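K.L.:
The structure that follows is given in the form of structure tokens.
The values are calculated or read from the model by the stated rules, or taken from the named source; none is laboratory data. Because the structure is predicted, anything quoted here is derived from the model rather than measured. As a convention, Cβ positions derive from the backbone with ideal geometry for all residues, glycine included, and neighbour counts pool all protein chains shown. Calculation scope for accessible area: heavy atoms of the full protein, side chains included, ligands and nucleic acids excluded. Shrake-Rupley method; radii C 1.70, N 1.55, O 1.52, S 1.80 Å.
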Amino acid sequence: MQASSETLAAQALSIPTAVGELAALYWSTATKPSANRPCFLALHGWLDNAESFHRIAPLLAQDADVLAIDLPGHGLSEHRPPGGGYHVVDYVQTLDIVIDWLTGEASADFSFNCEPSTVENGEVAATRPLYLLGHSLGGVISLTYAAVAAERVTGLISIEALGPLSGPAEETAAQLQKFLVKARNRRRLDNERPVYPSIEAVCKARMLGFGGLSESAAEALVTRALKPCDGGWTWRSDPRLRLPSSQRMTEPQVIDLLKNQTLPTLLIVTSKGFISPDESRNDRLRILRETLDGSAGFLQVVTVEGNHHGHLDGDYTAMARHIQAFLKQTRSTS
């Protein structure tokens, strides 16, 4: 039985950035800005959107603010311009830009707005605790960012993600060729958008998508992901999101990212998900554990009931409790 968590309404925000306008949802129970109140910056998975967090965010908002963005090309956010791409490194730069906005240019009606501080290398860092909360692709982006910009973040929560997909170095040319062949005809990509006669039909299609979803979870996601068209409804998302990656990191490159993690980290896996919590079978997890055991950070791994979208379609109440406990632990040791 899930506790009711949807009574706290989200505030819609628009974030102006150099890479286009980003749409976002914001949950908070705070009555005024506070430099001590933590904030979760939430990043959704591939082809999802900020509504992915609409069940767990109100629970987390009792102790912290939650800002969930639509990644570029997703939800209500702008698409990349012609010639732009959606490689994980592009998303990492977008995340850095969003944190710039949070720490310096956040709109006056957004309670994150606090004076930024400056760290030794001249970079701007947030004065209030900022936690990255990423699911799937969002977790990949968050983990990658934490490896190279830990000074800007307080902690990392990754749901069903433990680094980018990798590929052998000897397949680099083939991977790039595969991308180019698919990307050459942008018009064909646009014309391949499926058309659905009703929103109910869209929900049924989404229920069969990656990771699987219940009807109620699918409904929550598709309302922010659709636009009307001749004959019914089609996806709002950039069709280029479905292109194969132009380049994949090698596994040694991913391991290098893991070995550069220093932040307190909570890895959440689900009982029907894709990440194994068994370190004897999961080299990435073992390496991350060894890395954080030898640093100022630490690693917690928890399993909750649910599928790949456990924060939306599983025991999200238990997941929220784990995140809240992690938040308290990092706050008490900081």
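K.L.:
Testing HIS309 on (1) farther than 18 Å from PHE210 by Cβ; (2) in contact (Cβ under 8 Å) with a residue 40 or more places away in the chain; (3) not basic (Lys, Arg), one condition comes back false. Which one is that?
P.N.:
HIS309 satisfies all of (1) farther than 18 Å from PHE210 by Cβ; (2) in contact (Cβ under 8 Å) with a residue 40 or more places away in the chain; (3) not basic (Lys, Arg) except (1).
K.L.:
Give the residue, chosen from THR103, THR127, THR118, that is touching a strand residue (DSSP E or B) at 6+ places or on another chain (Cβ under 8 Å), open to solvent by less than 10 Å² (accessible area, probe 1.4 Å) and modelled with pLDDT under 95.
P.N.:
Selected residue: THR103, the only one of THR103, THR127, THR118 that is touching a strand residue (DSSP E or B) at 6+ places or on another chain (Cβ under 8 Å), open to solvent by less than 10 Å² (accessible area, probe 1.4 Å) and modelled with pLDDT under 95.
K.L.:
While we're on this one: Take the residues in the stretch 21-53 that are in contact with a strand residue (DSSP E or B) (Cβ under 8 Å, 6 or more places away or on another chain) and of a type in the set (D, E, K, R), then tell me which one is surrounded by the most Cβ atoms within 10 Å (Cβ to Cβ).
P.N.:
So the residue we want is ASP48.
K.L.:
Also: Under 9 Å between Cβ atoms, at least 6 apart or on separate chains: pull out the pairs that start in the stretch 279-301 with a residue that is closer than 13 Å to ALA146 by Cβ and end on any residue that is in a helix (DSSP H, G or I) and open to solvent by 40 Å² or more (accessible area, probe 1.4 Å).
P.N.:
The qualifying pairs are LEU288/LYS259; THR291/LYS259; LEU299/ARG289; LEU299/ASP293.
K.L.:
How many residues does the stretch 205-215 contain that are free of Cβ contacts under 8 Å to residues at least 60 places away in the same chain and either touching an Asp or Glu at 6+ places or on another chain (Cβ under 8 Å) or open to solvent by less than 50 Å² (accessible area, probe 1.4 Å) (or both)?
P.N.:
3
K.L.:
A follow-up question, please. Which one of ALA3, ALA50, ALA12, ALA23 is modelled with pLDDT of 90 or more and either under 23 Å from GLU305 (Cα atoms) or β-branched (Val, Ile, Thr) (or both)?
P.N.:
ALA50
K.L.:
Looking only at the stretch 242-255, count how many residues are free of Cβ contacts under 8 Å to residues at least 24 places away in the same chain and either surrounded by 17 or more Cβ atoms within 10 Å (Cβ to Cβ) or among the acidic types (Asp, Glu) (or both).
P.N.:
Final tally of qualifying residues: 0.
K.L.:
Determine which member of the set PRO228, PRO164, PRO197, PRO239 is touching a residue at least 12 places away in the same chain (Cβ under 8 Å) and surrounded by fewer than 12 Cβ atoms within 10 Å (Cβ to Cβ).
P.N.:
PRO197
K.L.:
Would you pick out the residues in the stretch 206-232 that are within 20 Å of HIS54 (Cβ to Cβ) and among the hydrophobic types (A, V, I, L, M, F, W, C)?
P.N.:
Hits for the stretch 206-232 are MET207, PHE210, LEU213, ALA217, ALA218, ALA220, LEU221, VAL222, ALA225, LEU226.
K.L.:
Just give me the residues in the stretch 65-97 being open to solvent by less than 10 Å² (accessible area, probe 1.4 Å) and modelled with pLDDT under 95, in sequence order.
P.N.:
Correct list: ASP65 only.
K.L.:
Looking at HIS308 and the list (1) touching a Lys or Arg at 6+ places or on another chain (Cβ under 8 Å); (2) open to solvent by 60 Å² or more (accessible area, probe 1.4 Å), which single condition is not satisfied?
P.N.:
Looking at each condition in turn, HIS308 falls short on (2).
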